[in-house]
1. Taking amide hydrogens as modeled 1.01 Å from N in the peptide plane, which residues meet the under 5 Å criterion relative to Ser75, leaving out close sequence neighbours?
2. Treating only the Cβ atoms of Lys and Arg (+1) and Asp and Glu (-1) as charged, compute the dipole magnitude of the chain about its Cα centre; round to the nearest 20 debye.
3. Mind checking which of Phe155, Cys58, Pro178 is farthest towards the positive end of the chain's charge dipole, using Cβ charges of +1 (Lys, Arg) and -1 (Asp, Glu) about the Cα centre?
4. Could you state, as a whole-number percent, how many of the C-alpha pairs of segment 124-261 are farther apart than 23 Å?
5. How far is helix 89-105 tilted off the main Cα axis of the chain, in degrees rounded to 10, range 0 to 90?
6. Considering the alpha-carbon set of the chain alone, what are its Rg and its Dmax in angstrom?
7. How would you order 209-217, 63-71, 26-34 from highest to lowest mean count of nearby Cβ atoms within 10 Å?
8. May I have the pair-distance distribution P(r) for segment 81-149, computed from all Cα-Cα distances with 5 Å bins from 0 and rounded to whole percent?
Amino acid sequence: MGAPRTFRTEGVVIRYSDIGEADRIVTLLTPHYGKLRALARGIRRARARLAGHLDSCCRSELLLAEGRELPVVASALLVNGYARLRQDLHLTSYALYLLELADRFSEEQLENWPLYQLVVRTLDALEAGAPGELLLRHFELQLLKVSGFLPSLRFCLVCQQEIEPGENWFGPQGVTCPACPPDAASRPVSTTALKVMRFLARAGLDEAVRLRPTTATLRELEGHLQRAVRIVAERELKSADFLQQVRRQASEGKIVSPASR
């Protein structure tokens, strides 16, 4: 018999599950193979050579060999372990939310280079200290954009007239003007929040992180955009609950907020 077929890819570990006594199935987001599951044999043994290269959120260069059911990780070289994201509970909660969305919006073995690039650039920016909540709002809008679900932000969904400042409604499909009936998933949206959404939808990451919206605007955006991605994803997001839990603990003084350091 000939040697097994192998291929190389970069990948970010978006989740994993342990099997047996020492093995692990890692779910990777890759630039050219989309979402990919692979078997990492013996990774949980002491001094395993793959340990540390395939933890959640790690970005690694991988050599994969064709296996019976799943590709098998033959080697892995860490590109970025995102140490800062692991050491700060707030940043961990942001990263887990980002990865859960990437998992839900990606397809197995279907190339999605824009999504991979979006995930890596956002993780890099979080690691570098960019404002976390603003990054997540930019990520949500860009994720909807690259997935073909970007809401209509400039024209009314019903009458197609350009939206004017005032009492408008926002839902997963977009904005509805005061003269038209909103759908059941829509909520009132402020003029400021709508302007910020429009900006984040068209802005690159470097441009987006220079924006300084108020805390009130960020909270409003969070409510609108988390609801939108949840409805499009057709599932509740466990990581969104974790985000709220970390925020509550910070407000109660149980953990230190990054802003107070």
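1. Correct list: Leu63.
2. For the chain, the charge dipole is close to 600 debye.
3. Checking the options against the dipole of the chain, the answer is Cys58.
4. Across segment 124-261, Cα pairs with separations above 23 Å total 37 percent.
5. 90
6. Rg, Dmax (Cα atoms, Å): 20.4, 71.
7. Packing order, densest peptide first, comes out as 26-34, 63-71, 209-217.
8. Going out from 0 Å in 5 Å bins, segment 81-149 shows 3, 17, 32, 24, 15, 8, 2 percent.
Since every read-out is calculated from the coordinates, none of them should be taken as a lab result. Keep in mind the model is a prediction, meaning the values are calculated, not measured. Note: ideal-geometry Cβ built from the backbone for every residue, glycine included; neighbour counts use all protein chains shown.
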